[in-house]
Amino acid sequence: MKANIFTLTSPIHNKTKLEEQTKLFVGQIQEQLNEVELEVLGDDFSKYGTADLDLIYVRTGGTEGIFLKTINEYSNIKSKKIYLLTNGKSNSLAASMEILSYLRQNGLQGEIIHGSERYIADRIVTLAAITCAKRNLMDKNIGIIGQPSDWLISSEVNPDAIKDKLGMNVINIPMDELLSEIHKHDYPISARKRLKACPSDYFVGALEIYGALTRLKKKYELSGLTIRCFDLLTTVHNTGCLALALLNQEGIPSSCEGDVPALLSMMIAQQLTSQTGFQANPAKINPETGELLFAHCTVPLNMINNYQYDTHFESGIGVALHGVLPTGEATLFKVSGKLDRAFVESVSLTANQYEQDLCRTQVILKAPTSSAKYFLNNPIGNHHVILNGNYKNLLECFFESLSE
């Protein structure tokens, strides 16, 4: 990732001294950065908007008028949020505050980035990652195969909001088209080689569902998909659990039950963190301790240390996965279908379990006790996405950026 730094400087200040200060200041920030390359372009704003992130470095006071002249000359600066970088020397913070106040008064978005080199570097990484994620999501197609399951009564989606806020296109694909592909009884042999041998008679059928989904993915140029998978129980007497585990392993976010909000959560998280998400729903919550039990019958194969096959829980047929996830830091994440709400929480994945009366992959999370209030009073549907690692700040910042 790359960040361009443009400068604002009052002409009454010593130029040589300022250049030395700039080199030192930017160099100290760059030392804290592994993911982002900084380039100082001075007061030539012609390349504004060409990098992953643009920063306007307010080097001195008395630059408010220069800023006003600059944004009138380069109108593209006003097209997105403006980030003002300052080290606080030579009244630069005061000037930055005056500029930010002007932006707010005129309906424009802005932020002052000021603090220690470590804080500034962390903020730059976050902002650059958000910009990259938005760019990578732009114009991507997501497929809804069938319709959302009948029980997802609160998981309404708004395709216009998805297009407006994420730039993604929603494509509705009839269930009959998937069934037609499944009846071709074809799948990539390479998929079978990636898996443990399975004695179940359902195994080949589960791979044929995977083959059908891969062909639809290619046909519609899908970057993510969700499937009304319970319909497969009665039509082909199998489940999509194994197919979704394979697709997620390949970097194609794929959710169960036609749950589009879960799919959006998985896609956003993947672009921001490069992590695959595990879609699961709470089975038990302890409000007094913050312990949460989540379970589902599929899990991305690249998230787990080991796995074994089982049947689909509710139906007792097909091929489901009991996976063992690594313990340690994790994140719970969910956005609403209208992208107007989000839940993000840092948790610890403390244990895996295997009980027969639950969906097959089962994990125990330790969360702040306040999380119980969210789940029991105002949840965003039932499914949530579990990520390995702590990404709370990054995900929260991304969601906040959707309203800017």
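Mind pulling the angle between the C-alpha long axis of helix 15-31 and the longest principal axis of the chain? Nearest 10 degrees, somewhere in 0 to 90. Helix 15-31 and the main axis of the chain meet at about 20 degrees. Estimated from helical segments only, the mean residue ellipticity of the chain at 222 nm is -11000 deg cm²/dmol, where each DSSP H run of four or more residues counts as -39500 (n - 2.57). Considering only beta bridges that DSSP places wholly inside the chain, some 55 percent are antiparallel.
Over 31 Å apart at the Cα level, from the set Lys165/Lys284; Lys338/Lys392; Lys219/Lys366; Lys69/Lys163; Lys47/Lys165, are Lys165/Lys284; Lys219/Lys366; Lys69/Lys163. With R₀ fixed at 41 Å, the C-beta to C-beta distance from Ile153 to Gln105 puts the FRET efficiency at about 0.40. For the chain, the convex hull drawn through the C-alpha positions has a volume of 153 cubic angstrom per residue.
Coupling constants for the range 132-148 follow from the phi torsions by the Karplus curve (6.51 cos²θ - 1.76 cosθ + 1.60, θ = phi - 60°), and in residue order they are 4, 4, 4, 5, 6, 7, 4, 6, 6, 9, 10, x, 9, 8, x, 10, x Hz; glycine and proline get x. Close amide H partners of Ala351, meaning residues 5 or more places away or on another chain with modelled amide H under 5 Å apart, are Ile364. Compared with the direct C-alpha span, the chain from Ser116 to Asn72 gains 12.7 nm at full extension, assuming 0.36 nm per residue. Placing a pseudo-label 7 Å from each Cα along the Cα-to-Cβ vector at His237 and Ser46 gives an inter-label distance of 7.1 nm. The range 309-384 and the range 13-31 have Cα centres separated by 48 Å. Extending 7 Å from Cα along the Cβ direction at Asp201 and again at Asp340 yields two label points whose distance is 5.0 nm. Proximity of backbone amide H atoms, modeled 1.01 Å from N, is registered between Gln109 and Ile82 at under 5 Å, excluding neighbours fewer than 5 places apart on the same chain.
Taking amide H atoms as placed 1.01 Å from N in the peptide plane, the amide H of Leu85 lies under 5 Å from those of Ile56, Tyr57, Val58, Ile113, each 5 or more residues away in sequence or on another chain. Each residue, Ile12 and Glu31, gets one label point 7 Å from its Cα in the Cβ direction; the gap between the two is 3.3 nm.
Computed from backbone phi, the HN-Hα couplings of the range 54-63 come to 10, 10, 9, 8, 7, 8, 8, x, x, 10 Hz, rounded to whole numbers (Karplus: 6.51 cos²θ - 1.76 cosθ + 1.60, θ = phi - 60°; Gly and Pro given as x). Over what distance in Å are the Cα centres of the range 110-170 and the range 244-275 separated? Answer, in whole Å: 13.
Cα convex hull of the range 279-404: mean projected area in nm², to one decimal?
With every direction weighted equally, the projected area is 8.1 nm².
Evaluating 6.51 cos²θ - 1.76 cosθ + 1.60 at θ = phi - 60° for every residue in the range 257-263, the Karplus couplings come out as 6, x, 7, 6, x, 5, 4 Hz, glycine and proline recorded as x.
Bear in mind these aren't lab numbers, they're just calculated from the coordinates by the rules spelled out. Since this is a predicted model, take the numbers as computed values, not measurements. Here the Cβ is made from the backbone with ideal geometry for all residues, glycine too, and neighbour counts use every protein chain on show.
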